[in-house]
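The values are calculated or read from the model by the stated rules, or taken from the named source; none is laboratory data. Note that the structure is a prediction, hence the values are computed from the model and not measured. Here Cβ is always computed from backbone atoms with ideal geometry, including for glycine, and neighbour counts include all displayed protein chains. Keep in mind that these areas ignore ligands, DNA and RNA; they rest on the heavy atoms of the full protein, side chains included. Shrake-Rupley method; radii C 1.70, N 1.55, O 1.52, S 1.80 Å.
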Amino acid sequence: MDANSDWAYSLDASDHLWLSYYDESRMLRLRDPKGAESLLVPAGRAQSPSGLAMAARSAGAAVLWRDKYPEKGLYLFEAPSDEIRPQEVGGDTEPLARFVAETDGQGKTHLLWYGEKATEASSDRYNLYYRNWRQSDQALSEIALVMPGIYPVMAVDPGGSLMAFSWQSSDGPQRIASRFRPADAVADKDDGGFRAEVTVAEVPSITPIFEALRLGSRWMVLWVGQYGLDRRDFRLEGAYSDDDGARWTRFGFDDLKGFDIASLQTASDAEGHLMLAITARNRQVDDRAKQDVYLIRSADRGSTWSKASPLRAPELAGRSATEEDRNLLAFFHARNPSVAFGETPGEILVVWEDWRTIRSGLYASLSKDFGETWALSNVPLPRPRGTNLGLRYEPGAIYVAGGSYHVLAERYADDTFKSKQLVQIDVAPAVLSDYAKQRSESMKADEIAGEAQLRQRAEGYWQAMRDGEFEKAYDYLDPFFKAVTPLNAYVANMGKIKYAEAKVEDIKIQGPLAEVNTKIRASVPAFKVPTTGAMMSQPEREALVKNRWLWLDGEWVNEFRVESQDAVFTRY
Amino acid sequence: MFAKNTLASAVAAAIGVSAVGAAQAGTAFWPYAALSETVTTIVSVINTSDYNWSSGGAANGTGAAGDNLHYRFYYKSGTAANDKLAKCEEYDEYLPTSYNDLQTIDLSGHFGAETSGVLFNDPSINNQWQQSGRDYAFGRNVLPARGYLFVDTYDGPTARSESLSGEAFVFEFGSGAAWGYQAYHWYTSDYRWAASASPSNVSIMPFTEITTAFFVTPVDWDQAPDFANDYRARVEFVTTSRGDLYDRDENLISGTVPQDVVCVARVDAADMLSDGTLARLEDGGWAKLWNYRVKNGGAAGWVPAVFDPQQSDGLSAASSARSADAGAVVIKLEYNLGGTINGESSGTNGVFNNAIMLAPN
């Protein structure tokens, strides 16, 4: 798959995994539980599929996508099926590629999307539309215009009622609005069976983080609002209703004020426990802060909440974490956490993407008391040396089937991060415990080499630069730079500077990061400016060069930096 | 803190030539310059006036006594170079010129190190610039720095000939990547008209492959203030109603983040989005980019502004961002360090870049 490609999955009643994804040619494929794949839009004809949603079916899955061919529409396909014959469900609403699908306990699949058809029925060009599909009698309801908006958000009750939400930015104050649709609604009425619109909260601006939940008899909606003229007062907020949306109780997470949220995944159980796993960083003062991962817990369906707890903790062999250990994690991104309840009451698993080793890997923590404490904390999941494993902001990476946790992760083909493959990692609690033991045993072997080895590496690099042996110097550079810059391209750009002397002055190591200061004497021999043909040169002079070195895959490597753009090829 | 030759600037201000002179003079404005150990900005200044300044800034008119241009380099350097809200300092210098003169200068002094930053001139002829003993490489001692250049000349007692013009060439001599632009020119220091159209439609290439940044330089009634520049402007994506833009599939997505700039700064397009938006916009898209001056509204913070000659700071609060005046020159820069475009080899040995100066209305 292309690194940016969408994918989605659903579990049928037997917990079998149905997976759909866009391949490297942007062809949409469905993979059944046995691994057989089919193209959802036949090859060899014009097609432009985009967007993707899946809904569970008792013995299969429903897949929804938008295509501009053979005509612009929204297409629904139910698997298994003897032939690929999707039905167009978007009608004349001019659907765009953002939609949701969810199946209730009666087997009815509810569809909500947004379209751009100009209509007298709405003052806004963008509106949410709804219809449902009943597989038992192949009945498709009429299309209902629900309300203006660009984000189709919905929660569905097992009994068949649903709550649709939208952020409305025109006509009056910007707001989150809801419309309830009871299970026994008459679909062919003008209102599509929806009750009147209710304002949930006035919110001037939101980010795309906007989710709806059904928790027993409670409806809940969560969003990230942006406040202030500079829209940097980010607030993760929500509201719940216990009377089918007649009244809403609004809440917020004050400890996260100013924190921009990149991802939100939720999990809940029948007893009212609710977990929010988020990617967040404080942008009030700095756009450069690294992302971190947090868990927020509720034991009463969101009436009260815990503070946001950081999920990351330092990995240490045989000693307690210091403040410095904890601060070090702030140098590395962590993102896209996913959370799931296990089959044992109180058990939850959290998995996230973490760059603390310069490469991206997955880390997991297991709790047996609803996330109050961690029985296993920050356990790295297995990853072959030299590879990168990541998670996407959606869908949630963890699913539970057969009494065990399974993680769907993205493994990048190489250090260019241009293509990826989906992989499944099985993480039963006993397996995670084994991973934790293996990790403590391997930590000694993986211990970061100290200053002497780094000095030797740095001196080796500078010796190669002095000798003009750029092939050797290239070997010392980080693999992310080398992945996009072949040796010949690197060498072709080198040689303009002549290094006469280089002396490694001082070294400061912090975890897998090191700052190395080297005093050099260098000159620029005369060369021709490519655009003007003029000859340029620089006399020899002394300079202090600061390089960052990285402990990566068991050795120190020099992080290549394009000084003019302050750009690096690493992604931690 | 003032750079070299503040005396000249102070004297000029004291005798009134800085403001009054610039009010009726040929002027040219290079809105962006980048200087570092590996990047320089090479500007060419074309002077078609026979009426220039004296070396002290007096309107001496034609002849040897009046053969100087007034160079004013506004810059922020060191760690401030990457601080979007840092003020600029001014470097002020009168330097020799002559009728129909062309001067090409490396502002960083990397090139032309032995000729005061002046490039390509044959020292055997017309070497008045060298005899002056003054340095044209205004950024030589302040690397790394960002800034803009403003040049003016007397241009005659009643002239409106817009006799100065020029070009800039931003050059990374490590990789050879380069881009350039034509300087704006006028007959006063009022460069409000040069603000990029607000809004301007901008396309954004995939964030995962190509970096898009905007160089933003606020404009004002007086683009050459004495000693320092603290003009503040805001850029933001608002494409329909409330901070939004389109992806490459016509989907509207909200969650944009305004960015303020004082004097001159680089703003990464990624920093103009919330993290949730950026994650869902990997392939880029297009947006209406707004730019406008802001003024300190006290408890209300920095509020959108319109130019207003009745106010001491030349600004009054606008009723909304949409009704604010365009207030900054914006240059869009796109570059890729990985030698690919659309995932295919670009054949550029690793780096390419491109810059577009967004035109005024």
Compute the semi-axes of the equivalent ellipsoid of segment B:255-361, taking the square root of 5 times each eigenvalue of the Cα gyration tensor, and list them largest first in whole Å.
34, 16, 11
From Cα coordinates alone, what are the radius of gyration and Dmax values for segment A:412-549 in angstrom?
20.9, 69
Computed over the Cα atoms of segment A:183-274, what is the ratio Rg over Rh, Rh following Kirkwood?
1.03
Once every DSSP H run of n ≥ 4 in chain B is given -39500 (n - 2.57) and the sum is divided by its residues, what mean residue ellipticity at 222 nm do you get, rounded to the nearest 500 deg cm²/dmol?
-1000 deg cm²/dmol
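Counting only protein heavy atoms and using a 1.4 Å probe, what share of the accessible area of segment B:195-316 belongs to carbon plus sulfur, as a whole percent?
On the way: 1680 of 3390 Å².
Carbon with sulfur: 49 percent of the solvent-accessible area.
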Segment A:242-264 versus segment A:54-74: alpha-carbon centroid distance in Å:
31
Considering only Cα-Cα distances, which of the following residue pairs are longer than 31 Å: A:Lys482/A:Lys528; A:Lys482/A:Lys503; A:Lys528/B:Lys332; A:Lys108/A:Lys368; A:Lys257/A:Lys482?
A:Lys108/A:Lys368; A:Lys257/A:Lys482
How much accessible surface does A:Ile84 have with a 1.4 Å probe, in Å² rounded to 10?
60
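Note down the relative contact order for segment A:430-509 as a percent, whole number, built from C-alpha pairs under 8 angstrom at least six residues apart.
36
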Kirkwood hydrodynamic radius of segment A:25-144 from all distinct Cα pairs, in Å?
14.9
Pop out the ³J(HN,Hα) list for segment A:270-277 in order, Karplus 6.51 cos²θ - 1.76 cosθ + 1.60 with θ = phi - 60°, rounded to Hz; leave Gly and Pro as x.
6, 8, x, 6, 9, 10, 10, 10
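What does the charge count near A:Met220 come to, summing +1 for each Lys or Arg and -1 for each Asp or Glu among other residues with Cβ under 14 Å from its Cβ?
That sum, taken over residues with Cβ under 14 Å, equals -2.
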Give me the Kirkwood hydrodynamic radius of segment A:64-207 in Å, from all C-alpha pairs, to one decimal place?
15.6
Under the √(5λ) rule applied to the eigenvalues of the Cα gyration tensor, what semi-axes describe the equivalent ellipsoid of segment B:248-289? Give them in Å, descending.
21, 10, 9
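I'd like the projected area of chain B, averaged over all directions, using the convex hull of its alpha carbons. Report it in nm² with one decimal.
Convex hull of Cα atoms, orientation-averaged projection: 18.8 nm².
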Hydrodynamic calc, segment B:162-250: Kirkwood Rh from Cα pairs, then Stokes-Einstein at 20 °C with viscosity 1.002 mPa s, so D in µm² s⁻¹ is 129
The equivalent-ellipsoid semi-axes of segment A:368-446, taken as the square roots of five times the Cα gyration tensor eigenvalues and listed largest first in whole Å, are 23, 19, 11
As an exercise, identify the GluC sites (Glu not before Pro) in segment A:87-176 lying in DSSP coil whose Cβ has no more than 11 other Cβ atoms within 10 Å.
A:Glu120
Starting from the 7 Å offset along Cα-to-Cβ, what nm value, one decimal, do you get for the label separation of A:Phe527 and B:Tyr99?
4.3
More than 18 Å apart: what percent of Cα pairs in segment B:206-290 qualify?
46
What do you get for trypsin sites (Lys or Arg not before Pro) in segment A:248-354 restricted to DSSP loop and a cutoff of at most 13 other Cβ within 10 Å of the site's Cβ?
A:Arg288, A:Lys307, A:Arg319
Intensity falloff of segment A:475-572 expressed as log10 I(q)/I(0), Debye formula with alpha-carbon point scatterers, at q = 0.19, 0.21 Å⁻¹
-1.12, -1.26
For chain A, report the accessible area per residue in Å² (1.4 Å probe, heavy atoms, rounded to an integer).
42
Excluding ligands, DNA and RNA, what is the accessible area buried between chains A and B, summed over both sides, using a 1.4 Å probe, to the nearest 100 Å²?
4700
Percent of alpha carbon pairs in segment A:224-333 separated by more than 22 Å?
43
Degrees, to the nearest 10: A:429-445 long Cα axis against longest axis of chain A:
10
Output field shielding_mean for B:268-280 (other chain Cβ, 10 Å radius) holds 6
J(HN,Hα) series, segment B:215-222, from Karplus relation 6.51 cos²θ - 1.76 cosθ + 1.60, nearest Hz, glycine and proline x
8, 10, 10, x, 10, 7, 4, 10
Applying the Karplus parametrisation 6.51 cos²θ - 1.76 cosθ + 1.60 with θ = phi - 60° to the phi angles of segment B:285-292, what ³J(HN,Hα) value in whole Hz is obtained for each residue in order, glycine and proline being reported as x?
x, 9, 8, 8, 9, 9, 9, 7
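Which whole number gives the average, over all residues in A:249-256, of C-beta atoms from other chains lying within 10 Å of the residue C-beta?
Across A:249-256, the average partner-chain Cβ count within 10 Å equals 0.
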Given H placed on each backbone N at 1.01 Å, which residues far from A:Val89 in sequence or on other chains put an amide H within less than 5 Å of it?
A:Leu74, A:Tyr75, A:Leu76
Proximal charge balance of A:Glu542 [Cβ under 12 Å; K/R count +1, D/E count -1]
+1
For segment A:328-422, the dipole about the Cα centre with charges only on Cβ (Lys and Arg +1, Asp and Glu -1), to the nearest 20 debye, works out at 420
Sorted by chain and number, the residues with a modelled amide H under 5 Å from that of A:Gly149, at a separation of 5 or more or across chains, are A:Tyr126, A:Asn127, A:Leu128
Taking the Cα centre as origin and putting +1 on Lys and Arg beta-carbons and -1 on Asp and Glu beta-carbons, what dipole magnitude results for chain A, to the nearest 20 debye?
1420
Where does helix A:451-467 land angle-wise versus the long Cα axis of chain A, in degrees 0 to 90, nearest 10?
70
Report, by chain and number, residues whose modeled amide H sits under 5 Å from the one on A:Thr103, excluding near sequence neighbours (fewer than 5 apart, same chain).
A:Ala56, A:His110
Heavy-atom accessible area of chain A with neighbours in place, 1.4 angstrom probe: carbon+sulfur share in percent works out to 46
Across all directions of projection, what mean area in square nanometres is found for the Cα convex hull of the protein assembly as shown?
40.6
